[in-house]
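Structure record follows, encoded as structure tokens.
The values are calculated or read from the model by the stated rules, or taken from the named source; none is laboratory data. A quick note: this is a predicted structure, and the numbers were derived from the prediction, not measured. All Cβ positions, even for glycine, are placed from backbone atoms using ideal geometry, and neighbour counts span all protein chains on display. Each accessible area value is taken on the protein alone, full model and side chains, heavy atoms only, with ligands, DNA and RNA left out. Shrake-Rupley method; radii C 1.70, N 1.55, O 1.52, S 1.80 Å.
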Amino acid sequence: MKYLACHEEKVRGTFDFPIELYYVDYANPRYEMPFHWHIECEFVLVLNGVLTLSLDGESIVLTNGDCAFINGGVIHGGIPQNCIYKCVVFDMERFLQDNIICRQKFSLVLGHNANIQNKFEKGSYCANIIDAVFEAIDKEQDGYEFITTGLLFEFIGIVIQQKLYKQVTDASLKTEKRASQMKNVLRRIRNDYFLPLTLDDLALEANMAPKYFCRVFHQVTGHTPIDYLNYYRIECAAELLCSTFDNVTEIALSCGFNELSYFIKTFKRYKNITPNAYRKVRRRAIDF
């Protein structure tokens, strides 16, 4: 069972109602959010703790009750600290496709020329709308589809009315181009993380010189390429520790680590715990 992905292509909800809710706590295999992207938009709501999100290289910090909006196509990842959070992923284009007036207005104001702001603090108008979206989907009471759709339209309406967006600048376009190049690298890491990848291999995926590639990759992800490769390998290993009965040596080898001692050392650096101890703690949390 694989949870990790850099480009998510999963169908959200149903064809007629393309929206899906995810609840994430410490027992979830994707508690820590590796960098990925999807064509749909996403709401994130922090229930407690702290969640630091990175969105195409920009960092935002969410605490209890804060919400985030993530535009489709944005490379994002998150580091939780004693955090429980929920995500709703939805295809806004599909919700708009049968409403000509709203679709035209959306394209005119928020098409390729602007991006909706990312953070909405607890108690703000938009945060309350987003909170209501989560509640409606979570309870699934009769008529929740109408309520959810209405709330999504209200959110977009308030964003346009209060101008809660920023125009795309030349610098933003440059950032988007770099992010597109980094998606190729993240895809390579996802597909071949168990192989002996080198810095030159990853730089080639981005079509950049290694030194320049390292600088751009760090700007987008906050990691050096090799550091992120090891981080991703450890996340894959952590998933296997929770979902299989393979021994630690087998898991280390399957995740690209040829030396058990180096794997354990690297695992402890990222997780502050040994692989065997991590397996015991996480399984207790899941069983509970």
Any chance residue 147 is under 21 Å from the mean Cα position of the chain (by Cα), open to solvent by 20 Å² or more (accessible area, probe 1.4 Å) and of a type in the set (A, V, I, L, M)
no
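Provide a single number: the residues in segment 211-252 that are buried (at least 16 other Cβ atoms within 10 Å of the Cβ) and farther than 20 Å from residue 280 by Cα.
Filtering segment 211-252 down to residues buried (at least 16 other Cβ atoms within 10 Å of the Cβ) leaves 213-214, 216-217, 220-223, 225, 228-242, 248, 251-252.
Of the ones still in play, those that are also farther than 20 Å from residue 280 by Cα are 213-214, 216-217, 220-223, 225, 228-232.
Residues flagged as buried (at least 16 other Cβ atoms within 10 Å of the Cβ) and farther than 20 Å from residue 280 by Cα within segment 211-252 amount to 14.
Could you say whether any residue in segment 63-78 is over 27 Å from residue 184 (Cα atoms) and at pLDDT below 95? Break it down stepwise before answering.
Narrowing segment 63-78 to residues over 27 Å from residue 184 (Cα atoms): 63-67.
This time we only want the ones that are at pLDDT below 95, so: none.
There is no residue in segment 63-78 that is over 27 Å from residue 184 (Cα atoms) and at pLDDT below 95.
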Out of the residues in segment 14-34 that are outside any strand (DSSP E or B) and farther than 23 Å from residue 235 by Cβ, state the one that is least open to solvent (accessible area, probe 1.4 Å).
18
Would you check which residues across segment 217-230 are modelled with pLDDT under 95 and over 19 Å from the mean Cα position of the chain (by Cα) and list them?
none
Residue ID - modelled with the highest pLDDT, chosen from residues in segment 163-191 that are surrounded by fewer than 15 Cβ atoms within 10 Å (Cβ to Cβ) and part of a loop (DSSP other than H, G, I, E, B):
163
If you scan segment 55-74, which residues turn out to be under 27 Å from residue 278 (Cβ atoms) and open to solvent by less than 20 Å² (accessible area, probe 1.4 Å)?
62
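For segment 192-288, which fully contained helices (runs of 4 or more DSSP H) count at least 2 residues that are more than 23 Å from residue 28 (Cα to Cα) and without any contact (Cβ under 8 Å) to a residue 60 or more places away in the chain? Write out each step before concluding.
Details: elements: 199-206, 210-221, 225-243, 248-254, 260-271, 275-287.
Counting at least 2 such residues, we get 199-206, 210-221, 225-243, 248-254, 260-271.
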Residues in segment 35-52: is at least one open to solvent by 30 Å² or more (accessible area, probe 1.4 Å), modelled with pLDDT of 90 or more, within 27 Å of residue 193 (Cβ to Cβ) and assigned to a loop (DSSP other than H, G, I, E, B)?
no
Output for segment 62-111, where each listed residue is of a type in the set (Lys, Arg) and touching a helix residue (DSSP H, G or I) at 6+ places or on another chain (Cβ under 9 Å)
86, 103, 105
